[in-house]
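Asks: Once you've had a glance at the structure underneath, I'll fire off some questions.
The values are calculated or read from the model by the stated rules, or taken from the named source; none is laboratory data. In this text the structure is predicted, and so the values were computed from the model without any measurement. Glycine gets a Cβ as well: all are built from the backbone with ideal geometry, and neighbour counts include every protein chain shown. Ligands, DNA and RNA are stripped out before the accessible areas are found, and what is left, the full protein with its side chains, is counted by its heavy atoms. Shrake-Rupley method; radii C 1.70, N 1.55, O 1.52, S 1.80 Å.
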Amino acid sequence: MKCTRCRKNQAEIELIRHNAAFCRDCFVDFFHLQVQKAIKQWKMFSKDDNILIAVSGGKDSLSLWNVLVELGYNVSALFIDLGIDGFSEKAFAKVEAFSNKIGSKLIVVDLKKEGIPIPKVIKSVRRHPCSVCGQIKRYYFNMVAIKNDFDVLVTGHNLDDEASRLFANVLHWKSEYLQDQAPLLPSENGLKKKAKPFFRVTEQEIAAYAFFKDIDYFVNECPLSKGAIFSFYKKELNRLECESHGIKIEFYQGFLKEIRPLLQNAKKDRNDKITFCERCGYPATKNGLCSVCNIKEKINLKK
Ligand code: SF4
Ligand code: ZN
């Protein structure tokens, strides 16, 4: 089959939902274009902005880092060392090697030094590891972005992540989470502006990009991920996508266009009630502390 774009080279990848097949070079151009469209459509950032990208060593974050640098954006990266022995060191090695290759600045936060490595935290907090881990990561992403005066924080969340999160939030009618679901969240209430430039591309498309660009990413599965509920929703959405091509993006974009605007008044009411942590200044949840200061408190009490 010939590439549907240049009509010259042999196609190496078929994208059924776009009714297209591309050769290697045309796919990379197409992929970059999808990211540029996302950035432009949501006015995420410009070439003058200082961008902080959260990286884990996996294909999504390293690919996004690569795209942004190739498109000429000013990017530094942040890696959070979760302190998971046998896993975090390997992830860091990939990130460090990639940072050297690409020539971008890398900032590291070590949770062991912070006193809250994830394996220790999950012994004190009775929740799924991914829920606590996600909360701690978001806290440090925000804190580093604010302290170092970055304009925006970007993450490698893709269409599969966003659509499956939306699917789960709708099935369980989590209206508070639905209010916060968008490819761009503005700077407000002590939280730095956050953007997801990969929201138009799928996990499979990112894997193809990483392969074509020879990105050496970390493939090991996190030992604490067992029972993570989002993989179930992802699988179900992929099943639907096989039956009805394009359903994922239609579901997500439809929500952004039709439903999200209706939720914004409820969000304003919620914002009026927000208080801040008396220790670190991050938005507080209960007893005057934020979620991470609460975790630190619990761990200290157990000592
Ligand atoms: Fe953290 Fe869960 Fe990801 Fe492991 S799988 S790094 S525990 S969010
Ligand atoms: Zn705090």
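Asks: Can you give me the relative contact order of the chain as a percent, contacts being Cα pairs under 8 Å and 6 or more apart?
Replies: With pairs under 8 Å counted, the relative contact order is 19 percent.
Asks: Additional query: How much of residue 282 can a 1.4 Å solvent probe reach, expressed as accessible area in Å² and rounded to 10?
Replies: Approximately 40 Å² for this residue.
Asks: How tilted is helix 260-272 with respect to the longest principal axis of the chain? Cα atoms for both, answer in degrees (0 to 90, nearest 10).
Replies: Orientation of helix 260-272: about 20 degrees from the principal axis.
Asks: While we're looking at this one, here's another question. Counting only C-alpha contacts under 8 Å and six or more residues apart, can you give the relative contact order of region 1-122 as a whole percent?
Replies: Over region 1-122, the number comes to 17 percent.
Asks: Then there is this: Please compute the length gained on full extension between residue 262 and residue 173, using 0.36 nm multiplied by the number of residues separating them and subtracting their Cα-Cα distance.
Replies: 30.6 nm
Asks: For residue 19 and residue 131 in the same chain, what is the full-extension length gain: residue separation times 0.36 nm, less their Cα-Cα distance, in nm? Mind showing how you got there, number by number?
Replies: Numbers: separation 112, 0.36 × 112 = 40.32 nm, distance 3.70 nm.
Going from the current span to full extension adds 36.6 nm.
Asks: Moving on to the next point. Among the chymotrypsin sites (Phe, Trp or Tyr not before Pro) within region 149-243, which fall in a DSSP loop and have no more than 12 other Cβ atoms within 10 Å of their own Cβ?
Replies: Answer in residue order: 173.
Asks: Tell me, in nm to one decimal, what length is gained between residue 213 and residue 232 on full extension, where the rule is 0.36 nm per residue of separation less the Cα-Cα distance?
Replies: Residue separation times 0.36 nm, minus the Cα-Cα distance, leaves 3.9 nm.
Asks: In nanometres, what is the gap between the two model label sites at residue 112 and residue 250, each 7 Å from Cα along Cα-to-Cβ?
Replies: Result for the modelled spin labels: 5.0 nm.
Asks: Turning to a different aspect of this structure: With a cut-off of at most 14 other beta carbons within 10 Å, and DSSP calling the residue loop, which GluC sites (Glu not before Pro) in region 202-303 qualify? Please list them.
Replies: 221, 278
Asks: Name the residues of region 24-39 whose amide N is less than 14 Å from a point 7 angstrom out from the Cα of residue 71 along the C-beta direction?
Replies: From region 24-39, the list is 28-39.
Asks: If you don't mind, there's one more thing I want to ask. From Cα pairs below 8 angstrom and at least 6 apart in sequence, can you work out the relative contact order of region 151-303, rounded to a whole percent?
Replies: 26 percent
Asks: Please give the Cα centre distance for region 235-303 versus region 174-199, rounded to the nearest Å.
Replies: Spelled out, the Cα-based centre of one part sits 8 Å from the other.
Asks: Let me ask you something else. List, in order, the whole-Hz ³J(HN,Hα) value for each residue of region 171-184 obtained from phi through the Karplus relation with A = 6.51, B = -1.76, C = 1.60 and θ = phi - 60°; use x for Gly and Pro.
Replies: For region 171-184, the Karplus-derived couplings read 4, 9, 6, 8, 5, 5, 6, 5, 4, 9, 9, 6, x, 9 Hz, x marking Gly and Pro.
Asks: Continuing with this model, one more query. Where a ≥ b ≥ c are the square roots of the eigenvalues of the C-alpha gyration tensor, would you call region 42-272 rounded, which needs a/c under 1.5, or, failing that, prolate if a/b is larger than b/c, or oblate?
Replies: rounded
Asks: Once both labels are modelled 7 Å past Cα along the beta-carbon direction, what's the residue 271-residue 47 spacing in nm?
Replies: The two pseudo-label positions are separated by 3.1 nm.
Asks: If you don't mind, another one. For a label point 7 angstrom out from the Cα of residue 189 toward its Cβ, which stretches of region 254-284 have the backbone nitrogen within less than 16 Å?
Replies: Label zone hits: 263-278, 281-284.
Asks: On a 0 to 90° scale, report how tilted helix 59-70 is relative to the longest principal axis of the chain, with both axes built from alpha carbons and the result rounded to the nearest 10.
Replies: 70 degrees
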